[in-house]
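As C-alpha coordinates, the structure follows; a few thoughts come after it.
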Amino acid sequence: MTRKLVAGNWKMNLSLPEGIALAKEVEAQLLANPTGDVQVVLGVPFSHLTAISHALEGEVAVSAQDCSANESGAFTGEVSAMMVASTGAEYVILGHSERREYHGEENALLAEKVNMALEHGLKVIYCCGEVLSERENNQQFEVVGDQILEGLFHLSKEQMKEVVIAYEPVWAIGTGVTASSEQAQEMHAFIRSLLQKQYGVIAAENTSILYGGSCKPANAQELFSEKDVDGGLIGGASLKANDFVAIINSF
Ligand code: PEP
(Lines give C-alpha, C1' and ligand atoms only; values in the text may rest on other atoms or scores of the structure.)
Protein backbone atom coordinates (compact mmCIF):
# COMPACT_ATOMS: atom_id res chain seq x y z
CA MET A 1 0.00 0.00 0.00
CA THR A 2 1.39 3.42 -0.97
CA ARG A 3 1.21 6.54 1.13
CA LYS A 4 2.35 8.74 -1.73
CA LEU A 5 -0.30 11.17 -2.85
CA VAL A 6 -0.23 14.54 -4.61
CA ALA A 7 -3.45 16.54 -4.75
CA GLY A 8 -4.08 19.76 -6.62
CA ASN A 9 -6.37 22.39 -5.17
CA TRP A 10 -7.58 24.60 -8.00
CA LYS A 11 -9.62 26.77 -5.59
CA MET A 12 -11.97 29.14 -7.48
CA ASN A 13 -10.06 29.18 -10.75
CA LEU A 14 -10.64 28.10 -14.36
CA SER A 15 -13.75 27.95 -16.53
CA LEU A 16 -15.16 24.50 -17.19
CA PRO A 17 -13.49 24.16 -20.64
CA GLU A 18 -10.19 25.33 -19.14
CA GLY A 19 -10.56 22.88 -16.28
CA ILE A 20 -11.31 19.94 -18.57
CA ALA A 21 -8.31 20.83 -20.73
CA LEU A 22 -5.99 21.05 -17.72
CA ALA A 23 -7.23 17.80 -16.19
CA LYS A 24 -6.80 15.96 -19.50
CA GLU A 25 -3.33 17.44 -20.00
CA VAL A 26 -2.24 16.32 -16.52
CA GLU A 27 -3.59 12.83 -17.12
CA ALA A 28 -2.03 12.60 -20.60
CA GLN A 29 1.38 13.49 -19.18
CA LEU A 30 1.00 10.91 -16.41
CA LEU A 31 -0.12 8.21 -18.85
CA ALA A 32 2.88 8.97 -21.06
CA ASN A 33 5.21 8.80 -18.04
CA PRO A 34 3.57 6.63 -15.38
CA THR A 35 4.26 7.65 -11.80
CA GLY A 36 4.11 4.14 -10.45
CA ASP A 37 2.79 4.34 -6.95
CA VAL A 38 1.75 7.98 -6.55
CA GLN A 39 -2.00 8.60 -6.23
CA VAL A 40 -2.87 11.84 -8.04
CA VAL A 41 -5.99 13.83 -7.17
CA LEU A 42 -7.43 17.04 -8.62
CA GLY A 43 -9.50 19.26 -6.30
CA VAL A 44 -11.84 21.11 -8.63
CA PRO A 45 -14.81 23.47 -8.18
CA PHE A 46 -18.23 21.85 -7.60
CA SER A 47 -19.40 23.05 -11.04
CA HIS A 48 -16.61 21.05 -12.73
CA LEU A 49 -16.83 17.76 -10.84
CA THR A 50 -19.07 15.74 -13.14
CA ALA A 51 -17.55 16.80 -16.44
CA ILE A 52 -13.98 16.32 -15.23
CA SER A 53 -14.75 12.98 -13.61
CA HIS A 54 -16.14 11.80 -16.93
CA ALA A 55 -13.36 13.34 -19.03
CA LEU A 56 -10.65 11.43 -17.14
CA GLU A 57 -9.62 7.84 -17.81
CA GLY A 58 -9.04 6.75 -14.23
CA GLU A 59 -5.36 7.64 -13.81
CA VAL A 60 -6.28 10.72 -11.79
CA ALA A 61 -8.97 10.94 -9.11
CA VAL A 62 -11.26 13.93 -8.66
CA SER A 63 -11.98 15.76 -5.41
CA ALA A 64 -14.41 18.43 -4.26
CA GLN A 65 -13.04 21.27 -2.14
CA ASP A 66 -15.79 21.16 0.48
CA CYS A 67 -19.17 19.59 1.21
CA SER A 68 -22.09 20.34 3.51
CA ALA A 69 -22.36 18.98 7.03
CA ASN A 70 -26.04 18.34 6.30
CA GLU A 71 -27.55 15.38 4.52
CA SER A 72 -30.05 17.35 2.39
CA GLY A 73 -32.74 19.99 2.66
CA ALA A 74 -33.17 23.75 2.83
CA PHE A 75 -29.54 24.84 2.64
CA THR A 76 -29.46 27.16 -0.33
CA GLY A 77 -26.16 27.14 -2.17
CA GLU A 78 -24.78 24.13 -0.32
CA VAL A 79 -23.60 20.92 -1.95
CA SER A 80 -23.98 17.65 -0.06
CA ALA A 81 -21.54 14.76 0.22
CA MET A 82 -24.08 12.53 -1.54
CA MET A 83 -24.16 14.99 -4.47
CA VAL A 84 -20.36 15.09 -4.65
CA ALA A 85 -20.16 11.30 -4.61
CA SER A 86 -22.82 11.07 -7.33
CA THR A 87 -20.61 13.06 -9.75
CA GLY A 88 -17.93 10.37 -9.75
CA ALA A 89 -15.60 12.31 -7.43
CA GLU A 90 -13.76 10.10 -4.94
CA TYR A 91 -12.34 12.67 -2.52
CA VAL A 92 -13.31 15.83 -0.70
CA ILE A 93 -10.94 18.40 0.80
CA LEU A 94 -12.24 19.52 4.21
CA GLY A 95 -11.03 22.16 6.63
CA HIS A 96 -8.90 24.12 4.17
CA SER A 97 -7.63 27.25 5.90
CA GLU A 98 -9.58 29.41 3.45
CA ARG A 99 -12.79 27.66 4.55
CA ARG A 100 -11.77 28.07 8.19
CA GLU A 101 -10.92 31.76 7.70
CA TYR A 102 -13.60 33.04 5.29
CA HIS A 103 -16.45 30.76 6.31
CA GLY A 104 -15.75 30.41 10.01
CA GLU A 105 -15.47 26.63 9.81
CA GLU A 106 -14.39 25.21 13.13
CA ASN A 107 -13.26 21.75 14.16
CA ALA A 108 -16.69 20.65 15.47
CA LEU A 109 -18.39 21.49 12.17
CA LEU A 110 -15.56 19.83 10.27
CA ALA A 111 -16.04 16.66 12.31
CA GLU A 112 -19.66 16.59 11.05
CA LYS A 113 -18.53 17.18 7.47
CA VAL A 114 -15.98 14.38 7.79
CA ASN A 115 -18.73 12.02 8.99
CA MET A 116 -21.01 12.99 6.14
CA ALA A 117 -18.26 12.52 3.54
CA LEU A 118 -17.29 9.09 4.86
CA GLU A 119 -20.94 7.99 5.07
CA HIS A 120 -21.24 8.70 1.37
CA GLY A 121 -18.09 6.82 0.44
CA LEU A 122 -15.82 9.80 -0.13
CA LYS A 123 -12.21 9.84 0.99
CA VAL A 124 -11.31 12.91 3.01
CA ILE A 125 -8.29 15.17 2.68
CA TYR A 126 -8.43 16.90 6.07
CA CYS A 127 -6.43 20.13 6.29
CA CYS A 128 -4.79 21.50 9.42
CA GLY A 129 -2.19 24.15 10.11
CA GLU A 130 -1.30 27.10 12.26
CA VAL A 131 -1.34 30.81 11.38
CA LEU A 132 1.84 32.88 11.60
CA SER A 133 1.17 34.38 15.03
CA GLU A 134 0.60 30.88 16.43
CA ARG A 135 3.96 29.71 15.09
CA GLU A 136 5.65 32.84 16.41
CA ASN A 137 4.22 31.98 19.83
CA ASN A 138 5.31 28.36 19.45
CA GLN A 139 1.67 27.18 19.60
CA GLN A 140 1.76 25.22 16.32
CA PHE A 141 1.69 21.77 17.93
CA GLU A 142 -1.19 22.66 20.23
CA VAL A 143 -3.22 24.18 17.35
CA VAL A 144 -2.63 21.34 14.92
CA GLY A 145 -3.13 18.77 17.69
CA ASP A 146 -6.54 20.27 18.51
CA GLN A 147 -7.56 20.45 14.85
CA ILE A 148 -6.82 16.76 14.44
CA LEU A 149 -8.24 15.62 17.75
CA GLU A 150 -11.48 17.57 17.41
CA GLY A 151 -11.96 17.05 13.67
CA LEU A 152 -10.89 13.43 13.29
CA PHE A 153 -10.32 11.46 16.46
CA HIS A 154 -13.96 10.50 16.92
CA LEU A 155 -13.46 8.20 13.90
CA SER A 156 -12.89 4.47 14.17
CA LYS A 157 -9.64 2.89 13.00
CA GLU A 158 -11.52 1.56 9.97
CA GLN A 159 -12.82 5.02 9.07
CA MET A 160 -9.35 6.56 9.43
CA LYS A 161 -8.21 4.41 6.50
CA GLU A 162 -10.25 6.74 4.28
CA VAL A 163 -8.61 9.90 5.61
CA VAL A 164 -5.54 11.74 4.33
CA ILE A 165 -4.15 14.57 6.46
CA ALA A 166 -2.73 17.71 4.85
CA TYR A 167 -0.52 19.88 7.05
CA GLU A 168 -0.69 23.37 5.60
CA PRO A 169 0.92 26.11 7.66
CA VAL A 170 -1.33 29.05 6.82
CA TRP A 171 1.65 31.43 6.58
CA ALA A 172 2.96 29.33 3.69
CA ILE A 173 -0.24 29.15 1.63
CA GLY A 174 -0.10 31.28 -1.49
CA THR A 175 2.67 33.41 0.02
CA GLY A 176 5.71 31.97 -1.75
CA VAL A 177 7.16 31.23 1.72
CA THR A 178 7.54 27.48 2.13
CA ALA A 179 8.06 25.71 5.43
CA SER A 180 11.56 24.30 5.55
CA SER A 181 11.74 20.56 5.07
CA GLU A 182 12.80 20.31 8.75
CA GLN A 183 9.71 22.26 9.88
CA ALA A 184 7.49 20.06 7.71
CA GLN A 185 9.11 16.84 8.94
CA GLU A 186 8.85 17.94 12.58
CA MET A 187 5.11 18.58 12.28
CA HIS A 188 4.44 15.48 10.19
CA ALA A 189 6.25 13.31 12.76
CA PHE A 190 4.15 14.95 15.48
CA ILE A 191 0.93 14.22 13.56
CA ARG A 192 2.01 10.61 13.02
CA SER A 193 2.75 10.26 16.73
CA LEU A 194 -0.80 11.44 17.51
CA LEU A 195 -2.17 8.89 15.06
CA GLN A 196 -0.05 6.19 16.66
CA LYS A 197 -1.33 6.99 20.15
CA GLN A 198 -4.94 7.01 18.98
CA TYR A 199 -5.00 4.21 16.41
CA GLY A 200 -1.78 2.22 16.79
CA VAL A 201 1.43 1.86 14.80
CA ILE A 202 0.00 0.23 11.69
CA ALA A 203 -2.76 2.80 11.20
CA ALA A 204 -0.24 5.61 11.76
CA GLU A 205 2.19 4.11 9.28
CA ASN A 206 -0.54 3.70 6.66
CA THR A 207 -1.91 7.25 6.85
CA SER A 208 -0.77 9.70 4.17
CA ILE A 209 0.32 13.05 5.57
CA LEU A 210 0.71 15.71 2.89
CA TYR A 211 2.49 19.04 3.07
CA GLY A 212 0.86 22.13 1.56
CA GLY A 213 2.02 25.72 1.25
CA SER A 214 3.90 27.19 -1.72
CA CYS A 215 5.08 23.76 -2.82
CA LYS A 216 6.54 23.97 -6.32
CA PRO A 217 8.83 21.98 -8.63
CA ALA A 218 11.89 23.71 -7.13
CA ASN A 219 11.23 22.61 -3.53
CA ALA A 220 9.03 19.50 -3.83
CA GLN A 221 11.89 17.02 -3.98
CA GLU A 222 13.45 18.26 -0.76
CA LEU A 223 10.10 18.26 1.05
CA PHE A 224 9.06 14.83 -0.26
CA SER A 225 12.39 13.30 0.73
CA GLU A 226 11.49 13.73 4.40
CA LYS A 227 10.49 10.49 6.09
CA ASP A 228 7.00 11.56 7.12
CA VAL A 229 6.12 13.78 4.17
CA ASP A 230 4.03 11.57 1.89
CA GLY A 231 3.23 14.11 -0.79
CA GLY A 232 1.61 17.48 -1.19
CA LEU A 233 -1.55 19.51 -1.44
CA ILE A 234 -0.72 21.95 -4.19
CA GLY A 235 -2.53 25.23 -4.82
CA GLY A 236 -1.05 27.68 -7.33
CA ALA A 237 1.33 25.22 -8.97
CA SER A 238 -1.53 22.80 -9.71
CA LEU A 239 -2.94 25.28 -12.25
CA LYS A 240 -0.11 24.54 -14.68
CA ALA A 241 0.12 20.97 -15.97
CA ASN A 242 3.90 21.00 -16.35
CA ASP A 243 4.51 22.32 -12.84
CA PHE A 244 2.00 19.97 -11.24
CA VAL A 245 3.41 16.92 -13.03
CA ALA A 246 6.96 18.00 -12.16
CA ILE A 247 5.91 18.05 -8.50
CA ILE A 248 4.40 14.58 -8.83
CA ASN A 249 7.62 13.40 -10.42
CA SER A 250 9.66 14.77 -7.51
CA PHE A 251 9.34 11.53 -5.57
C1 PEP B 1 -3.45 25.36 -0.80
O2 PEP B 1 -4.26 26.24 -0.99
O3 PEP B 1 -3.83 24.27 -0.34
C4 PEP B 1 -2.06 25.61 -1.12
C5 PEP B 1 -1.16 24.81 -0.63
O6 PEP B 1 -1.80 26.71 -1.90
P7 PEP B 1 -0.37 27.13 -2.51
O8 PEP B 1 0.29 25.88 -3.03
O9 PEP B 1 -0.71 28.09 -3.62
O10 PEP B 1 0.41 27.75 -1.41
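The values are calculated or read from the model by the stated rules, or taken from the named source; none is laboratory data. These numbers were taken from a predicted model, which means no experiment stands behind them. With ideal geometry, Cβ positions are generated from the backbone for all residues, glycine too; neighbour counts draw on all protein chains shown. For accessibility, only protein heavy atoms count, side chains too; no ligands or nucleic acids. Shrake-Rupley method; radii C 1.70, N 1.55, O 1.52, S 1.80 Å.
Table for the structure above
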{"quantity": "Per residue accessible area in Å² of the chain, where ligands, DNA and RNA are left out and the probe is 1.4 Å", "calculated": "44 Å²"}
{"quantity": "Spatial separation of Cα centroids for segment 202-222 and segment 1-62, in angstrom", "calculated": "18 Å"}
{"quantity": "Cα-based radius of gyration of segment 5-248 once divided by 2.2 N^0.38 Å, which approximates compact folds", "calculated": "0.94"}
{"quantity": "Kirkwood Rh (inverse of mean 1/r, distinct Cα pairs), segment 1-126, angstrom", "calculated": "15.0 Å"}
{"quantity": "Under 14 Å, Cβ to Cβ, from GLU136 - net charge with Lys/Arg +1 and Asp/Glu -1", "calculated": "-2"}
{"quantity": "Span per principal axis, largest first, for the Cα atoms of segment 177-241 (Å)", "calculated": "38, 22, 16"}
{"quantity": "FRET efficiency estimate (nearest 0.05) - Cβ-Cβ, GLN139 to ALA21, R0 41 angstrom", "calculated": "0.45"}
{"quantity": "Gain in span if fully extended, ALA203 to LEU31, counting 0.36 nm per residue against the direct Cα distance", "calculated": "58.9 nm"}
{"quantity": "Nearest-10 value in Å² for the accessible area of PHE141, using the 1.4 Å probe", "calculated": "60 Å²"}
{"quantity": "Accessible area (Å², 1.4 Å probe, nearest 10) - HIS154", "calculated": "90 Å²"}
{"quantity": "Exposure of THR178 as accessible area (Å², to 10), given a probe of 1.4 Å and all protein chains", "calculated": "40 Å²"}
{"quantity": "Percent accessible area from carbon and sulfur atoms, segment 5-248, protein chains only, probe 1.4 Å", "calculated": "51 percent"}
{"quantity": "Net charge of Cβ neighbours under 9 Å - reference THR2; Lys, Arg +1; Asp, Glu -1", "calculated": "0"}
